[in-house]
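Taking it in order: structure first as structure tokens, then the write-up.
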Amino acid sequence: MAGRGRSILTEDMKRAPDGVIRFSFDGQLRGGGTDHRNSSIIQVGGVPWRAQARRKENLFIIFECLQNQSTPWTIDVKSEITLVNSDALKNVTKKDSDEIEDSDAWTAFTLMDWNDVVDKEKGFIIDDKITIEFHFWLTRLEGINAHPWIDFTDSSDPCHDVALVIQGEKVHVSKAILASHSPYFRTLFFGDFAEKNKKEIELKDIDREEFIEMLYVIYPSNTKITEESAEYLLGLGDRFQIMYVIERAEKVIIDADRSVISDTEKLLIADKYKLTALKNRCISSLSSVEKLWELKESSIYEELSVEMMRALFEKTLKMID
């Protein structure tokens, strides 16, 4: 991660970067680090990369490799991140050199105080957006097995036979691949509906970038699900009935660090999406009557279903016995 004390070697950074991510987002990020804004995913060096903006006391940017691989791998990356100002002379730029690996596939940057970022007088709000530009250079890749990469914006790809219109933009996909994973899409594309013969189909009330990220999970690119992406990918998997996504997201949530997804959040997620394995893990973690009582007195208790309340009540009775 950034700040580990590795030297910044600039020779590689004199050439054109291997990858560039530029993304803009609104200034409505909630604090605490749970809310976030994602960039598009790009492929560089045969693996997928993404940037993510979070708000803590400062503007906090995570740069992560989404390579999903069971065998060990290592990548040396040099990076330069810029918080764009309306006056280019006031841009805020940081550089870093880091080694990322399969077990620690990200690096992070703390840019500047959040209040300064959103202060319009400072010049970082341009057309009501905050803009980050990220340049990076890959200087060493070991153990990487590149997966096929799909460009969902490419209408000329012969494998794409329908366009899904999301937030006003087209996402080009294969009917067969989506239908093989999803009863929802199988019915939409091949059932007795008007959409069956349409070349463009609108999907409402979903985030385009999150939907594309889900596509990268189910396509051969096989992008990994992270602790940060698990909940919204779970929601998409549930909406479109994609069990592969649901099962993978559930496993990530079960194993997620409590600092990212708390035990009470896990319980709510298990209840909302009827996830048996996650539910059982959450209930088994309530190892004392005191913990159960704390949960009952908490604000989330009223959000739980009757079924979940019954399961917690039965757990309490077993402890008392």
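Using Cα centres only, tell me the gap between region 198-238 and region 255-321 in whole Å.
The two parts, judged by their Cα centres, are 27 Å apart.
Let's test the formula: R0 of 41 Å, r as the Cβ-Cβ distance of Arg239 and Asp127. What FRET efficiency results, to the nearest 0.05?
Once the sixth-power term is evaluated, E becomes 0.85.
Starting from a Cα-only point model with no solvent, please compute log10 I(q)/I(0) by Debye for region 262-320 at q = 0.30 1/Å.
-1.60
Add +1 for every Lys or Arg and -1 for every Asp or Glu among the other residues with Cβ under 14 Å from the Cβ of Glu200, and state the total.
Once all neighbours under 14 Å are counted, the net charge is +2.
When only C-alpha pairs under 8 Å and at least 6 residues apart count, what is the relative contact order of the chain, in percent?
14 percent.
Can you classify the chain as rounded, prolate or oblate using the Cα gyration tensor, where a ≥ b ≥ c are the square roots of its eigenvalues, rounded means a/c under 1.5, and otherwise it's prolate if a/b beats b/c and oblate if not?
Numbers: a/c = 1.69, a/b = 1.22, b/c = 1.38.
Oblate.
222 nm [θ] for the chain, helices only, -39500 (n - 2.57) per DSSP H run of 4+, per residue, to 500?
Roughly -9000 deg cm²/dmol at 222 nm, from the helical runs in the chain.
Please build a GNM for the chain, connecting alpha carbons under 10 Å apart, and tell me which residue among Ser285, Ser221, Ser79 fluctuates the most.
The residue that fluctuates most here is Ser285.
Mind checking the full-extension length gain between Phe313 and Thr153? Use 0.36 nm per residue of separation minus the Cα-Cα distance, one decimal, nm.
Gain in length upon complete extension: 52.6 nm.
Please report, in Å, the Rg and the Dmax of region 162-245, where both are computed over Cα atoms only.
12.3, 38
Tell me which of Thr93, Trp106, Phe152 sits at the most positive position along the dipole axis of region 87-157, charges placed on C-beta atoms (Lys, Arg +1; Asp, Glu -1).
Working it through, the farthest residue towards the positive pole turns out to be Thr93.
Could you name the lysines whose alpha carbon sits less than 23 Å from that of Lys78, not counting residues in the same chain fewer than 8 places away?
Lys78 reaches Lys14, Lys90, Lys94, Lys95, Lys224.
Which of Arg50, Arg30, Arg22 ends up with the largest GNM mean-square fluctuation for the chain, with Cα atoms connected below 10 Å?
Arg30
Every number in this text was worked out from the coordinates using simple rules, so none of it is lab data. The model shown is predicted, which means the values in this text are computed figures rather than measured ones. Every residue, glycine among them, receives a Cβ derived from its backbone with ideal geometry; neighbour counts consider all protein chains shown.
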